[in-house]
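Asker: The structure is given below, and queries will be raised subsequently.
The values are calculated or read from the model by the stated rules, or taken from the named source; none is laboratory data. Every value quoted in this text rests on a predicted model; they were computed, and no experiment measured them. Cβ atoms come from the backbone with ideal geometry, glycine included; neighbour counts cover every protein chain shown. In case anyone asks, the SASA skips ligands and DNA or RNA and just uses the protein heavy atoms, side chains included. Shrake-Rupley method; radii C 1.70, N 1.55, O 1.52, S 1.80 Å.
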Amino acid sequence: MRFYPPEYFDDKINGYTAIRTLPLASAMGAEILDVDIANISDEQFQQVKDALFRYKMIYFRGQTNMTIEDQEALTLKFGDFGTDAYTNGIEGHPNVQRLIKEASTVVDWIFGDGWHTDSPFLEKPPAVSLLQSLDIPPYGGDTWWTNAELAYDLLSDKMKEVISGLKVHMSAAWVLQNVTKAKPVMNDLSVGEIELTMDQQKMVKGNFHPLVRTHPVTGKKSLYCDCSYSMGIEGMTQEESKPLLDFLGWHVTREEFNCRLRWEPNMLVIWDNRLCLHKAFNDYDGYRREMIRTIVDGEIPA
Ligand code: SIN
């Protein structure tokens, strides 16, 4: 089986003259070559943007010149900054979140644990997420992504009919339970070194979004559900919605639809948060990991 015809990933056919792509897995992901993010040209950016929507997740190695300001500038080429629901950002850079776990820190639950899409409980979840690696363990601390567009395409026509028009309740209730279990003082929340400043009530109330959403750029449909924030389906009881969401949560994260990245320092990853789920691994106690993240504002999913 092959998910995409070979032409789909052919740089010549795709008109990529200013960048080169190296697919990471059959389902998704590609390394982008020949780009220095700190000096990216307009032509390169247009091709990078096209590659993002084609591969769903793209990454760049060896970005040693890249500063926080360069990441901010690149983020703004995709659109306005999104509002991060969890943190306030770092000093002087309110739209940049630092994700950090020190070598000495041992926690049951890390930021990004469990398959999720970024902040789907918001009215307008982020469209695109960008993550730069500063300090990386020698092994462990990988990130996994999955392609929910492919997952939708490979459902049966009957299942597509069943879920068409349904709305999923996206809420941070379970995630906040995990956070508060680790540290039950409501005004002093953190995950390891990451201080969380958030409106918990709003995040738990969440929003109802289409279970099948249509990408505003590509027009393609994808599943919009995950194993962290999808709590129920509008108009259904928990007993009715749970088996369906359990199935979809399993299906959307099937290994065939995934790619997995072994990080190096000075990498930048960009993913299409409208249709990617991702998951961080809590498997590197004793080593330090530091990343910086920015997000691009999205629209109300339709
Ligand atoms: C995230 O969920 O945005 C963080 C992923 C990671 O740290 O690998």
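Asker: Please list, in order along region 170-175, the HN-Hα scalar couplings obtained from phi with the Karplus expression 6.51 cos²θ - 1.76 cosθ + 1.60 (θ = phi - 60°), rounded to whole Hz, x for Gly and Pro.
Answerer: Each residue of region 170-175 in turn: 9, 9, 8, 3, 5, 5 Hz.
Asker: Taking 8 Å as the Cα distance limit and 6 or more residues as the minimum spacing, I'd like the relative contact order of region 1-61 as a percentage. Walk me through the numbers on the way to the answer.
Answerer: Numbers: 66 pairs, mean separation 19.2, N = 61.
Result for region 1-61 is 31 percent.
Asker: From the phi angles alone, apply the Karplus equation (6.51, -1.76, 1.60; θ = phi - 60°) to region 149-163 and give each ³J(HN,Hα) in whole Hz, x where the residue is Gly or Pro.
Answerer: For region 149-163, the Karplus curve yields 6, 5, 4, 5, 4, 8, 6, 5, 4, 5, 5, 4, 5, 4, 8 Hz.
Asker: Round to the nearest 0.05 the FRET efficiency obtained for Q177 and D283 when R0 = 22 Å and r is the Cβ-Cβ distance.
Answerer: 0.50
Asker: OK, next. Suppose we keep just the DSSP beta bridges with both residues in the chain; what percent of those would be antiparallel, to 5?
Answerer: 95
Asker: Starting from the Cα of M1, step 7 Å along the direction of its Cβ; do the same at E234; then give the gap between the two resulting points in nm.
Answerer: About 3.2 nm, to one decimal.
Asker: Report, to the nearest whole %, how much of the accessible area of region 205-302 belongs to carbon and sulfur atoms, 1.4 Å probe, protein only.
Answerer: 52
Asker: Once the piece of chain linking D34 and E161 is laid out straight, how much longer is it, given 0.36 nm per residue of separation minus the C-alpha distance between them? Each step should come with its number before you reach the end.
Answerer: Numbers: separation 127, 0.36 × 127 = 45.72 nm, distance 4.34 nm.
Gain in length upon complete extension: 41.4 nm.
Asker: If a/c stays under 1.5 just call it rounded; otherwise compare a/b with b/c (prolate if a/b is bigger, oblate if not). Do that for region 6-296, with a ≥ b ≥ c from the square roots of the Cα gyration tensor eigenvalues.
Answerer: Taking the square roots of the gyration eigenvalues as a ≥ b ≥ c, region 6-296 is oblate.
Asker: How much accessible area per residue does region 6-296 have, counting only protein heavy atoms and a probe of 1.4 Å, in square angstrom?
Answerer: On the way: 12660 Å² over 291 residues.
Per-residue accessible area for region 6-296 comes out at 43 Å².
Asker: Using a 1.4 angstrom probe with every protein chain in place, what is the largest-first accessible-area order of L154, L122?
Answerer: Reading off the accessible areas and sorting them downward yields L154, L122.
Asker: I need the calculated FRET efficiency for the pair W250 and E290, taking r as the beta carbon distance and R₀ as 45 Å, to the nearest 0.05.
Answerer: Values: r = 32 Å, r/R0 = 0.72.
With a Förster radius of 45 Å, E is 0.90.
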